[in-house]
1. Grab the DSSP H runs of the chain that are 4 residues or longer, score each as -39,500 (n - 2.57), total them, divide by all residues and round the 222 nm result to the nearest 500 deg cm²/dmol.
2. Mind giving me the nanometre distance, one decimal, between the label points for ARG182 and GLU75, set 7 Å out from Cα along Cα→Cβ?
3. Pull out a ≥ b ≥ c, the square roots of the eigenvalues of the alpha-carbon gyration tensor of segment 1-116, then state rounded if a/c is under 1.5, prolate if not and a/b is larger than b/c, and oblate in the remaining case.
4. Amide H to amide H under 5 Å from ILE83: which residues, 5+ apart in sequence or cross-chain, H placed 1.01 Å off N in plane?
5. Of all accessible surface on the chain at a 1.4 Å probe, what whole percent is carbon and sulfur?
6. Would you pull out the residues with amide H under 5 Å of VAL54's amide H, same chain only if 5 or more places away, H placed 1.01 Å from N?
7. Apply the Karplus curve 6.51 cos²θ - 1.76 cosθ + 1.60, θ = phi - 60°, to the phi angles in segment 91-96 and return the couplings in whole Hz, x for Gly and Pro.
8. Keeping all protein chains in place and using 1.4 angstrom, which order do SER146, SER112, SER103 fall into by accessible surface area, from largest down?
Amino acid sequence: MQHILSLLRKAVDEYGMINEGDKVAVGCSGGKDSTLMLLALAKLSAFYPKKFSVVGIAIDMGAGMDYTPLIELCERENIEFIIKKTEIKKIIFDIRKESNPCSLCSRMRRGSLNDAAVEVGANKVALGHHRDDVIETFFLSLFHESRLNTFQPVTYLSRKDLTVIRPMVFLPEKDVKNAVRRLDIPVLFNPCPANGETERESMKDLLSDLDFKYRGVKDRIFGAIERSNLSGWEKVTDKKDQSENSQN
C-alpha cells in the first residue's frame with residue numbers, strides 16, 4: 001500500500017486534485033481499480049495536509065451484482081458507502097437492445113454517479129483510471145478519431161459544479177493487480193453481458209504485444225503524453241515554476 005499511496009499522492013499533488021475541505025465521491029464499480037482507489041484515498045485522507053473526506057458510490061445497473069464483499073470491506077475500514085439503484089441494464093439491453101452498448105452505458109453510469117455525488121454533498125468525483133487506461137484511450141482516439149487525445153487528470157463539469165479527478169494516472173495496471181492480490185482486496189464479478197468484449201480489451205492486447213516486443217514502450221508512450229501539450233496535462237507544479245521564473 002505504501003507504493004500505491006506514493007504514486008497516488010504524486011498525482012494528487014502534481015495536478016492539484018484535492019483541496020482543503022473537499023468531499024470526494026469515489027465511483028465504485030466493484031472492480032480492482034476503483035476498489036483499490038477507494039481504499040487508498042481513505043488511507044490518504046488520514047494524513048494528507050489538506051483535510052478531505054471520502055464516500056464510495058456504486059451505481060447498481062440492475063444486472064444482479066452482489067456488493068456484499070465491498071460493503072463488508074467499507075465497514076471494516078470505516079468508509080462511507082452508498083449504492084444507487086438504476087435500470088441502466090434494462091434500458092440498454094432489454095428496451096433499446098443496443099448492439100454496441102458500452103458508450104451509452106458509460107455515459108449513463110457517469111451521469112448517475114455525478115447525480116449521486118451531488119446528492120451526498122460531494123464536490124469531487126474520483127474515477128479509477130490508471131496509467132494503462134491513459135495510454136489505451138490515447139491510442140483509441142488516434143486509431144478511431146484521428147486525434148492525439150486522452151482523458152485529463154482533472155476535469156471540471158460546469159453543469160454539475162463537480163470536478164472529476166483521476167488519482168491513479170501514474171499507477172501501471174500491473175501494480176494495481178499486485179496490490180489487490182497482496183492486500184486481499186475483494187474484486188466483484190461483473191455480470192454485464194458485454195463484459196470482456198470491448199474495443200478497449202482489443203487495444204489492451206495490442207499494447208501488451210507491443211510492450212513485449214519493445215520492452216518499456218508503454219513507459220515511453222506515457223512519458224510522451226506527460227511532456228506533450230495535450231489539454232489538461234500541464235501540472236500545477238510546472239505552472240508554479242513558470243510563474244516563479246517569470247517573476248525573477
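The values are calculated or read from the model by the stated rules, or taken from the named source; none is laboratory data. This structure is a prediction, so every number in the text was calculated from the model and none was measured. Quick reminder, even Gly has a Cβ in these numbers, built from the backbone with ideal geometry, and neighbours come from all protein chains shown. Ligands, DNA and RNA are stripped out before the accessible areas are found, and what is left, the full protein with its side chains, is counted by its heavy atoms. Shrake-Rupley method; radii C 1.70, N 1.55, O 1.52, S 1.80 Å.
1. Details: 9 runs with 117 residues, N = 248.
Helix contribution divided over all residues of the chain: -15000 deg cm²/dmol.
2. 2.9 nm
3. Values: a/c = 2.38, a/b = 1.88, b/c = 1.27.
Because a/c hits 1.5 or more and a/b exceeds b/c, segment 1-116 counts as prolate.
4. Those lying under 5 Å, H to H, from ILE83 are ALA58.
5. Numbers: 6410 of 13360 Å².
Within the chain, the accessible surface is 48 percent carbon and sulfur.
6. For VAL54, whose amide H was placed from the backbone, the distant partners under 5 Å are VAL24.
7. 5, 6, 9, 8, 8, 7
8. Details: SER146 105, SER112 20, SER103 70 Å².
I get SER146, SER103, SER112, largest accessible area first.
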